[in-house]
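Just below is one structure, and these are the notes that go with it.
The values are calculated or read from the model by the stated rules, or taken from the named source; none is laboratory data. A quick note: this is a predicted structure, and the numbers were derived from the prediction, not measured. Note that we place each Cβ from the backbone using ideal geometry, even for glycine, and neighbour counts take in every protein chain shown.
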Amino acid sequence: MRIGQGFDVHTFGDGDFVMLGGVRVPHNRGVVAHSDGDVVIHALCDAIFGALALGDIGRHFPPTQERWRDAESRLFLHHAAQLMRERGYALGNADVTVICEAPKVGPHAQAMRECLAEVLGCDIDRVSVKATTTEHLGFTGRGEGIAAQACVLLVLA
């Protein structure tokens, strides 16, 4: 088995929604990002790439390449899952924590789990999505941005 962890952060900018776990979540801000800025999927990809010792998401999808501008992050996760399977692994479980004061994640967590499980090709009971605040401390507490951390367990298929 292999364990990986990932982290991603984006600053808030203009917009009226954020993408989280492949789900469009209404919010009074958007995120500043080269792709769709889905911190959940970006952290999850980094966790998978880390478990496989394949670098980070920027190595696979460089933000300097225009072809990834405004790309759906689900494409990134699909790629990570494909690399996982090609190397003989399956997802044991994935655990993601969104870190923000807003938007509220709870009402959308189930839809995120469903989307992530679908892209990863696994049962939903292998995917956890939860959230926490920083009690108004730091950049997330001040409402300047959003972050996510993820860990995965990969097992030989």
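Within the range 42-59, is even one residue charged (D, E, K, R) and assigned to a helix (DSSP H, G or I)? The answer is yes, given that some residue of the range 42-59 is charged (D, E, K, R) and assigned to a helix (DSSP H, G or I). The single condition among (1) within 12 Å of the chain's Cα centre (by Cα); (2) crowded, with 16+ Cβ neighbours inside 10 Å; (3) of a type outside the set (D, E, K, R); (4) assigned to a helix (DSSP H, G or I) that Leu75 does not meet is (2). Just so you know, in the range 23-41 the residues that are surrounded by 15 or more Cβ atoms within 10 Å (Cβ to Cβ) and in a strand (DSSP E or B) include one that is nearest to the chain's Cα centre (by Cα), and it is Val23. The set of residues in the range 108-157 that are basic (Lys, Arg) and either within 10 Å of Gly21 (Cβ to Cβ) or buried (at least 16 other Cβ atoms within 10 Å of the Cβ) (or both) comprises Arg113, Arg126.
If you go through the range 3-22 one residue at a time, do you hit one that is touching a residue at least 40 places away in the same chain (Cβ under 8 Å), surrounded by fewer than 18 Cβ atoms within 10 Å (Cβ to Cβ), touching a Leu at 6+ places or on another chain (Cβ under 7 Å) and of a type in the set (A, V, I, L, M, F, W, C)? Yes, there is a match, as at least one residue in the range 3-22 is touching a residue at least 40 places away in the same chain (Cβ under 8 Å), surrounded by fewer than 18 Cβ atoms within 10 Å (Cβ to Cβ), touching a Leu at 6+ places or on another chain (Cβ under 7 Å) and of a type in the set (A, V, I, L, M, F, W, C). A single entry from Ala150, Ala131 fulfils the requirement of being modelled with pLDDT of 95 or more, outside any loop (DSSP other than H, G, I, E, B), in contact with a strand residue (DSSP E or B) (Cβ under 7 Å, 6 or more places away or on another chain) and over 20 Å from Phe76 (Cβ atoms): Ala131.
Beta carbons closer than 8 Å, at least 6 apart along the sequence or on distinct chains, pair a first residue in the range 86-97 that is under 26 Å from Ala109 (Cα atoms) with a second that is modelled with pLDDT under 95 and of a type in the set (A, V, I, L, M, F, W, C) for Tyr89/Ala157; Ala90/Ala157. The conditions of being touching a Leu at 6+ places or on another chain (Cβ under 9 Å) and basic (Lys, Arg) are met by Arg87.
Picking from residues in the range 52-72 that are surrounded by 17 or more Cβ atoms within 10 Å (Cβ to Cβ) and within 15 Å of the chain's Cα centre (by Cα), the one that is nearest to Arg113 (Cα to Cα) is Ile57. More than 15 Å from Arg24 (Cβ to Cβ) and at pLDDT 95 or above - does that describe any residue in the range 62-70? Checked the range 62-70: no residue is more than 15 Å from Arg24 (Cβ to Cβ) and at pLDDT 95 or above.
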